[in-house]
Amino acid sequence: MSLPLYLAMMKSHGKMLGGFIYGASAYIVLIIWIYPSIADMQGFNDMIGALPESMRKLIGMENGINSLSDYVAGEFYGMLFLIILMVYVILTSTRVMARLVDQGSMAYLLATPHSRVKIAITQAAVLLTGLALIVGFTTFSGIAASEWLIEGYQLDVASFIALNILTFLTFSSIAGYCFLISSISNDEKKALGISAGITLLFYILNMAGKLSEKTEWMLNFSIFKWYDPIKMINNETDAFWIGCSLSISTFLLFMISLIVFKKRNLPL
Amino acid sequence: MIHVKGLSKHFSKGKGLFDLNFEVKKGEVFGYIGPNGAGKSTTIRHLMGFMKPDRGHSSINGMDCWNNAARIQDQTGYLPGEIVFLEGMSGLGFLSLLQKMRKQETTKRRDELIERFQLDVKTPIRKMSKGMKQKVGIIAAFMHDPQVLILDEPTSGLDPLMQRVFIDLILEEKQNNKTILMSSHSFQEIERTCDSAGIIKDGKLVALEDMYLLRSVQRRVFEVKVKSENDMEHILRSSLDIEVKGARTVHVTVQGNDQEFVQLLSRCEVQHIDTRPQDLEDIFMHYYDRREVEK
Ligand SMILES: Nc1ncnc2c1ncn2[C@@H]1O[C@H](COP(=O)(O)OP(=O)(O)OP(=O)(O)O)[C@@H](O)[C@H]1O
Ligand SMILES: [Mg+2]
C-alpha cells in the first residue's frame, strides 16, 4: 500500500463519503428518536397485523414491532441502509479502479515505483475504509441516540454491534465482486452498469424470495440470503459462521481482483 | 539502455505492432516518428509495462518491461500521450503527491522546472488549458531526475516559445547523459534534438537510422518568388528540381544540394522565400526511393 496515495484518495473521496455518513447517521438518529411515539401508539401493531403476511415480511415487520432492536433492524438495516450501502459500494468500487483506467490517470500511478498490486491494494483499502466509516459512524450514532435521545427503550449494544459487523462484512463481499468487475473493466460506465445490475438482481431475488413460499428458492441465489437484520439482532443466526464465510469470500474476491489486475493489458 | 526485441502485439482488424526491433543506447536521444495510429503510443505502453507483448520483449536497463515494471519506474520519467491527472487537485498538489509516492524529499528540481515553464501551479487541474496540463506532465516526468525518459508527443499543446524551452531542456538532459525516447509526428522537432530516429508505419518499423543520414535524405521544398522574368528564366535553366507555380513563383526541391540552391538564388533578385512543410509520408517515400537507387 502507498500511504501518500491512500491519503490523497481519501481526501478526494471525502466529500462524497461525508454525504453518505451524514445521510446514514442522521436517518438512524431520526428513526430512533421517533420510536417512542410509535411504540406508544395504540393499535400500531394491530394495523401492521392487518397487512397480508407477505407484505409484512417485505417491510420487515413479520411480528409487528416488539422492541427497539426489531424496529431499527427492520426499518433501517433492512431497507434504507441497505440501499445507501449498495449505492456507496457500487459507485466507489467503480471510481477507484475502472474510472482511473478509463480516463487514463492510472498511468501516472503506475509510473511511480509501485507495483500494480500495491496500487490496487491501496485503492481497495480506500473502498473498504469508506465502508467501515459509514457503518462505524452509523453504529455509534445508533447507540448514542438510543442512550441519550430517548428514554425507557434500550438497544442491546452487543447484538447491535454484531449486526453492524455482519452488515460491514456483507457489503465487503459485495464490494469484492464490484471491485473485481472494476479491475477488469476498461470502461467506467460498463463497470458501473454490470456491478449495479448484479447487485440489483440479488436485491430483487431477495425481495421475491421473501414474498411467498413458492418463490422462496430465489433467496438461494442472492447474497442477501445471509443478511437478515432482524434475526441477526436477536441473535437467531449463526453470526460467527456467517461472518467467517463472508470474510473468506471477501478475501478471495479481492485476491482474484489483484491477480487479474496484475496480469491484464491496460489501455493507458 | 532501452532494448526492444521482436516486439509484437496483435489487435483486431490487423492493427498492432509487428516484430519491432530497436535499441537506444545510454546517453542517446531517440526520435520515434510516425503518422497517426502507427503504433507509437502502443510501443511506449509496452515499455511502461502497461501491455504484455504477444511475442518478443522489451527491456530498460536490463530489466524486462513487463515483469519488472515497478522497479524500472525508479529511474524512469514518463510523459503520457494523453495526459489525465487525478481529479480534484491543483497542479502543485498532484506534483507533490507524485513526489511523495516516489519518496522524493527535495523540491529544488521541481521548482526550477516550474519556474522555467512559467507554470501557475496553484490552478486546479480541471481549469487548466491543454498547454498547462502538458507543462505539468513534463515537470512530472523530469522532476525526479530520472536516467531514462519516455516521452509521448512531448510538445503537443505547447506554444512555440515553450517548445523552445522544452527543446533546450532535452539538449541539457542529453548533456547529462540521459537516455531519451520521444515520439513525434514532426520530423523538424526530432531533427533538432535526436541522435537517431525510428520511423514506424502501420505497426512496422520502416526505417531506423542515425539522424545525420536522415537529414541528408530529407527533401525540403522552397517557394521562391523572384522580381523579374529574367530571373525566372535563370532559375528554370538550372539543374535543380523545379516546378512552376505561378507568375514568377516556383517550388524548388532541395535534397542534399543546398549549396547549389543558394548559389542560384544569389544570382537572382528574390522577392520572397518560404519553406513548405513536408508531411512525413513524403519524407519516407523519398527516403525509400533514395535507398532503392543506391542499391
Ligand atoms: N487496446 C487497443 N485495442 C485495440 N486496438 C488498439 C488498442 N490500442 C491501440 N490500438 C490501435 O492500434 C493502432 C496504433 O495506436 P497508437 O495509439 O499506438 O498510435 P500512435 O502512433 O500513438 O498514434 P497518434 O500519433 O495518433 O498518437 C491504432 O490503430 C489503434 O486504434
Ligand atoms: Mg499516440
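The values are calculated or read from the model by the stated rules, or taken from the named source; none is laboratory data. Keep in mind it's a predicted model, so treat the numbers as computed, not measured. Methodologically, a virtual Cβ is constructed for each residue, glycine included, from the backbone with ideal geometry; neighbour enumeration extends over all protein chains shown. Accessible surface is based on the protein model in full, side chains and every heavy atom, while ligands, DNA and RNA are left aside. Shrake-Rupley method; radii C 1.70, N 1.55, O 1.52, S 1.80 Å.
Along its principal axes, the stretch B:45-131 has C-alpha extents of 44, 26, 22 angstrom, given from the largest down. Spin-label model, B:ASP168/B:LYS103: points 7 Å from Cα along the beta carbon direction are separated by 3.5 nm. Each of A:PHE171, A:LEU7, A:ILE90 was placed along the dipole of chain A (beta-carbon charges, centred on the mean Cα), and the one lying farthest toward the positive end is A:LEU7. Multiplying the residue separation of A:LYS263 and A:GLU151 by 0.36 nm and subtracting their alpha-carbon distance yields 34.6 nm. Using the Stokes-Einstein relation with a Kirkwood hydrodynamic radius computed over Cα pairs, the translational diffusion coefficient of chain A at 37 °C and a viscosity of 0.692 mPa s comes to 167 µm²/s. Other residues within the sphere of radius under 14 Å centred on the Cβ of B:GLU105, judged by their own Cβ, net out at +4 (K and R +1, D and E -1).
GNM remark for chain B: springs join alpha carbons under 10 Å apart, and the peak mean-square fluctuation among B:CYS268, B:CYS65, B:CYS194 falls on B:CYS268. Kindly give Rg over Rh for the stretch B:220-277, based on alpha-carbon atoms, with the Kirkwood expression for the hydrodynamic radius. That ratio equals 0.90.
Residue by residue along B:250-263, Cβ atoms of other protein chains within 10 Å of the local Cβ number 0 on average.
Only protein atoms count toward the accessible area here, which uses a 1.4 Å probe; on the stretch B:220-277, the carbon and sulfur part of that area reaches 44 percent. Under the criterion of Cα pairs below 8 Å and six or more residues apart, the relative contact order for chain B equals 21 percent. Please work out the C-alpha center-to-center distance from the stretch B:121-199 to the stretch B:38-85 and express it in whole Å. One Cα centre to the other: 17 Å. Each Cα pair of the protein assembly as shown feeds into the Kirkwood radius, which the Stokes-Einstein equation turns, at 37 °C and 0.692 mPa s, into a diffusion coefficient of 117 µm²/s. Of all the options A:LYS15, A:LYS210, A:LYS118, the one that moves most in a Gaussian network model of chain A with Cα springs shorter than 10 angstrom is A:LYS15. Once you place label points 7 Å from the Cα toward the Cβ at A:PHE221 and A:LEU30, how far apart are they in nm? Label-label distance for A:PHE221 and A:LEU30, simple model: 3.5 nm. Using a 1.4 angstrom probe on protein heavy atoms only, the contact between A and B buries about 2300 square angstrom of accessible area, both sides summed. Subtracting the Cα-Cα distance of B:PHE11 and B:THR275 from their residue separation scaled by 0.36 nm leaves 91.1 nm.
Solvent-accessible surface, computed for protein heavy atoms with a probe of 1.4 Å, shrinks by 20 Å² or more for the following residues of the stretch B:50-73 when the other protein chains are added to the isolated chain: B:PHE50, B:MET51, B:TRP66, B:ALA70, B:GLN73.
Build a GNM of chain B with springs between Cα atoms under 10 Å apart, and of B:GLN271, B:GLN73, B:GLN134 the one that fluctuates most is B:GLN271. Mean residue ellipticity at 222 nm, helices only, chain B: -10500 deg cm²/dmol; runs of at least 4 DSSP H residues each add -39,500 (n - 2.57), and the sum is divided by the number of residues.
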